[in-house]
Each structure stands twice: as structure tokens, then as C-alpha cells.
């Protein structure tokens, strides 16, 4: 079966994927329902061993799987899903996204984070673009612990505090939207131009929007006709623009270069 490249499909992802060829997807990036809201789409557990097997089958050896999840009193999807995915996929890391606002009970710590599980299909072959592993913060060290030169910018860690969420919630788009910047970061570090990005729980389509913006191909599946239509409308307004975000100019003093002011 020919892959439905650059399409948004309304349906059950397991039914849609079953006819796809093996090893056809470069990156899986998805956000399953956590079972924490009263929304119609958030009432049934969708992560299963069957889903993990199908995603593993269609993944290329270089493919990574990123799955948004939560951990806390109200959201325990990380605990439920980790054993399911780790039976086949190789676990690499758990990314914590630090939010600006929080939720929680009146007695207890304020819940201000969300997690992303990162798995790979093959620990020796997974794709990683080193040039995108650095953030915008200048590195205060000129040399590393072994005396070697270090990159002028700090590497991005597995705790993301530089990505704000929207402080006003527009539930007409989606009840649990994820930040575009976080999606872009993952896509850039794991894929190249024309690679296939797959989101099996596409929601309002942020993963597909980011993929198109960055010159990648995408496939999105969602069970909701409403959200599929919202995603299609969003994609109409996106023009592919393959780019590498330019870094701010590095102060010459930081690089140890003498300037006219120093002479």
C-alpha cells in the first residue's frame, strides 16, 4: 500500500497502519489521551502492546519514538505506558517540560511539568543531528573537563525550561495542545528534509504543522472528524520553509578574541 503522505486521516490508527509497509517512518511523535479530562476522546485507553508493535514495525532502524505523558495524582500515563513501549523499544531518556502555570489540589505541590518519553528502535542506528542539540544560551566555559574546546552555546538538557505554553486556553482548537517549539526541536534533531513524521494521535495537528514548516513530510491520524478538519485548515496556512534557526551573534570576548576596545 502506498503511504498517505501529507495527509490527515480520520480513523483508528491501528486499522490505518496495518497495511503500511515495514520500515517506512523516520520519526514517531505523538500525544495519546491521558484519561484526565471529560472530553469524549479522553475516556478510553489507547496505548497497547498492539500499538507498540505496529509502530515498531513501520519504524525505520533510525527511527525514534517520542510520546507525551504525565506523572502525578491525576495523570499517571507515564507509569501505564512505559512498560508497554519498553518491551520492544529501547528507552533513551525522559524529557521534562517545565510549564509557567500549574494545576493541582489545594493541599500538595503545584503540578507544573509534563513529560516526554524518548525511545529508539535501534540504539546503534538512531538518527541524531548534532548541530541542533544546542540552545540559545551561551556557554560560560571555554574548555571542557578534559581541556578540549567546547561549543559556544550550551547543549539542550532533558529539562526544558525555555518553552512557554499559552497562558490562555482555547478549547475550540484543542483541550491539551502542545507547544510548537518543543515539536520543532524534536523534529530538527532527529530528521532531515523530506523525512516522514508520523503522529498517530494527531489532535489539532501541531506535529504535522511543525513537520510541514520544516520541510518534512507528515502523516496524521485522529479518531475525531472535528480535529481532523481543524488540522487540515491549519495546514492550509503553512508554507514549507526549510531553515536552520540562526544563532545570536557570539560576543567576541566570549571566544577569546581581542577587540578594538581591548587594545
(request) Of the conditions (1) under 14 Å from the mean Cα position of the chain (by Cα); (2) more than 20 Å from residue 239 (Cα to Cα); (3) at pLDDT 90 or above; (4) in a loop (DSSP other than H, G, I, E, B), residue 202 clears all except one; give me its number. (result) (2)
(request) Mind counting the residues in the stretch 118-140 that are touching a strand residue (DSSP E or B) at 6+ places or on another chain (Cβ under 9 Å), part of a loop (DSSP other than H, G, I, E, B) and either at pLDDT 95 or above or surrounded by 12 or more Cβ atoms within 10 Å (Cβ to Cβ) (or both)? (result) 10
(request) Only residues that are assigned to a helix (DSSP H, G or I), under 16 Å from residue 241 (Cβ atoms) and over 13 Å from the mean Cα position of the chain (by Cα): list them for the stretch 205-226, please. (result) 212, 213
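Considering only the stretch 176-192, I want to know if a residue exists there that is at negative phi, free of Cβ contacts under 8 Å to residues at least 24 places away in the same chain and out of contact with any strand residue (DSSP E or B) (no Cβ under 6 Å at 6 or more places or on another chain).
Yes, some residue in the stretch 176-192 is at negative phi, free of Cβ contacts under 8 Å to residues at least 24 places away in the same chain and out of contact with any strand residue (DSSP E or B) (no Cβ under 6 Å at 6 or more places or on another chain).
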(request) Would you check if residue 58 is at pLDDT 95 or above, farther than 25 Å from residue 23 by Cβ and buried (at least 18 other Cβ atoms within 10 Å of the Cβ)? (result) no
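Residue under question is residue 86, and the condition is that it be surrounded by fewer than 19 Cβ atoms within 10 Å (Cβ to Cβ), farther than 20 Å from residue 203 by Cα and either touching a helix residue (DSSP H, G or I) at 6+ places or on another chain (Cβ under 9 Å) or at pLDDT 95 or above (or both); does it hold? Give the derivation first.
Values: surrounded by fewer than 19 Cβ atoms within 10 Å (Cβ to Cβ): yes; farther than 20 Å from residue 203 by Cα: yes; either touching a helix residue (DSSP H, G or I) at 6+ places or on another chain (Cβ under 9 Å) or at pLDDT 95 or above (or both): yes.
Spelling it out, residue 86 is indeed surrounded by fewer than 19 Cβ atoms within 10 Å (Cβ to Cβ), farther than 20 Å from residue 203 by Cα and either touching a helix residue (DSSP H, G or I) at 6+ places or on another chain (Cβ under 9 Å) or at pLDDT 95 or above (or both).
The values are calculated or read from the model by the stated rules, or taken from the named source; none is laboratory data. The structure presented is a predicted model; accordingly, all values stated were derived computationally and were not measured. Glycine also receives a Cβ, built like all others from the backbone with ideal geometry; neighbour counts cover every protein chain displayed.
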